[in-house]
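Okay, structure first, notes after.
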């Protein structure tokens, strides 16, 4: 039997970015309203796919992130539930209304801000990863004797509109590593905005797919075709992926995104300029090496390095221009 | 380069002048300008000098004319070189290079007696180093793995691609041997390390197999190692040897008769040989040592009484005299009686092997006796099941220099370092979002997408998938010949690039044998740049060859593109550097 799949959806709710996306001088403007309808339809189809499928929705707002909906704790009847409607399928209606109402609540909460803090995408990602553990909590056993063994195929889908936050490089990389350990696939759909380096790496390293929307008015088409099939079926239903992955990283000292940097050979932390002592592992580098590297630094990468704790430049990192597919 | 001592010497049968300077040892042939042999101090590592009469010295300098002076000059040279060698060895051990100037000053070349060796300030070293060098019977520098010819050969044999590269570049003369090995010392050192490992005892039973030669004769090669192994394995043979050789039999006869005797056949490691009595003749001497086959209930040799206390059943034997169990005599190796001797032989052999492996540590004991917990008895009975279930304590993440990490983050967050976003009125945007959200139900009900848009999206996604599938299906169909050419071209270009860049940048450590002065480095860089300019033509040649072979030239071009990019980058750099001669020093910053 196919395993049931769990989808964690992370929605980027940065008002300024949505404002820009809805402006008509874009190639295919997408307003938040339309976007939300598309997303709710997609979510409904995910739940309709299989009865056991589960869902969790997270919102990433400027400055904070929270869970908007979880199918695990939506089983009990609430007084806030919408009244029963003869024309709509109740579970769908439930999901839609809970998500929309919660977004409304959160937007109300940040009403009084004048300046927009950066979007807490990383916080939402971390929460989604922690939420993975819910079905496998210490109180519940995964497989019971007579119950059918249903293993869960978890994945995370990030719908992002804002650009990269270079200060979040380290947390994003840590989340990626935990996702690899937990065998969670991270898919990314870049709805609006420029290319994000870190999310590309996230999709690539966890085996998910990264889509940059070409036609934003056909958003639902992209969602259905690329993100609906669960990872267990992706070897049968091929999903489109992006071959070009930008592997740049952010330096640890200033959090700037760098093309070429210096790597500590002990702890592999990246710096944009040679430092006498590594800040993460406190390894001292010989002064002579530093002088040589510094002297040879202008705009050309140095080629030599010494082991035993000296900084050495990383081997060729492919620039965005290099593509892996043959045309 | 001050000359310290000179002498007339002949090298390879031609006359010339041998000079020892403060940095080099060189020999210039008569009437020639350049020294034919030019050896840096650091490369001199061993000295071979024959006795006084033969007058032979590495690298085969013959001190000539007139003879008595020649001898003293040779002694001088020997002394200097010995000091240099000992210094080199000291450098390798302690990393400190002491200039041999002081000792050279002390010995003047014009003195006529050999006692000038006395005022040398390093007293013990020269004698020991001389002893070492005299005992080494070849002139090759065995102590210097980096320059060792045999090691290089071994490494080349091991990695065929390196061998190809070596053949292409060094044989044709583009790159010299030292340059080739300059960045690759780690390979040589690894090879030297693995060569110097000692092999342990072989695990197989000693079973020399006779090789059948034409004529029906059987031949066994007897090496001293084999003899030693046989004596180790079968002490009976050792006993027989001691008693019979050289009294009754000579050594050759002993072995000849041994291999034809029943004793040898009973020692063979296969059951079938024991049944060949009808083939083997009786032998008066060796048959005395025949023993009964070892197939009784108990093995002939009792096992070692070194049983662990916790599993020793005999420990409480006296409590169970009347009521306890009998020894289990049915515990025999194997089911057939005929196989028992062989199995027991194997067991004994393995035990011997293990014992020898363990006891090479120095002590014969198998366990270290700790204070308090002798033999580790307590730790053996301390089982994990006996402890309460505890959740594992996590490892605390200790971050070095938290202050700096968090400071950096705060600093970055405060400054807007991303590309400047178009200024958006945040409250207005927020308001719009909230308004958008209000009518969501209605909007959801009215959701529809345009057909053309969705089709376009579908087409683009399908294309993406199709291309990837296509790439998977398509096999690499570049013919082997073209592929080989591409590969060699790329390897050669890489090697030139490596040499080029390693010369451009300031050296990291003390490079032995590499170019050291700025002029030499510039010359080498110029040479490499010259080779690199030829690379685009080579690539074009390969592309044309591919086209004549019927291939798509675009593919070959794409394949070689990264190499071309790298070469162009290096050439660009070289051009800018040549154009700005004042900024030749590595400290310059380019705009």
Between residue B:222 and residue B:483, what is 0.36 nm times their sequence separation minus the Cα-Cα distance? Round to one decimal in nm. 88.9 nm
Shielding by partners - mean other protein chain Cβ count within 10 Å, residues of A:9-20: 4
Need one value for B:562-575: mean number of C-beta atoms belonging to other chains within 10 Å of its residues' C-beta atoms. 1
Given a Förster distance of 45 Å, the FRET efficiency implied by the Cβ-Cβ spacing of residue B:316 and residue B:207, rounded to the nearest 0.05, works out to 0.60
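Taking the number of other C-beta atoms within 10 Å as the exposure measure, put A:68, B:290, A:94 in order starting with the fewest. Before the final figure, lay out the partial values.
Working: A:68 22, B:290 13, A:94 19.
In increasing order of surrounding Cβ atoms, one gets B:290, A:94, A:68.
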Residues A:257, A:236, B:222, A:176 in order from fewest to most other beta-carbon atoms within 10 Å are A:236, B:222, A:257, A:176
Exposure-ranked with fewest Cβ neighbours within 10 Å first, B:461, B:309 stand as B:309, B:461
Calculate the spin-label point distance for residue B:290 paired with residue B:339, positioning each point 7 Å from the Cα along the beta-carbon direction, and give it in nanometres. 2.5 nm
Sort the following peptides by mean Cβ neighbour count (other Cβ atoms within 10 Å, averaged over residues), highest first: A:258-264, B:175-181, A:8-14. A:8-14, A:258-264, B:175-181
Which order do peptides A:217-226, B:532-541 fall in by mean Cβ count within 10 Å, highest first? A:217-226, B:532-541
Partner shielding of B:451-464, taken as the mean number of other chain Cβ atoms within 10 Å, equals 6
Arranged from highest to lowest average of other beta-carbon atoms within 10 Å per residue, in what order do the peptides A:30-42, B:230-242, B:436-448 appear? A:30-42, B:230-242, B:436-448
Spin-label pair residue A:28/residue A:212, simplified geometry with 7 Å Cα→Cβ offset, distance in nm: 1.5 nm
Efficiency of FRET from Cβ geometry, residue A:267 and residue B:190, R₀ 30 Å, rounded to 0.05: 0.75
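Where a number appears in this text, it was derived from the coordinates with a stated rule and is not lab data. Please read these numbers as outputs of a predicted model, since none were measured by experiment. Here the Cβ is made from the backbone with ideal geometry for all residues, glycine too, and neighbour counts use every protein chain on show.
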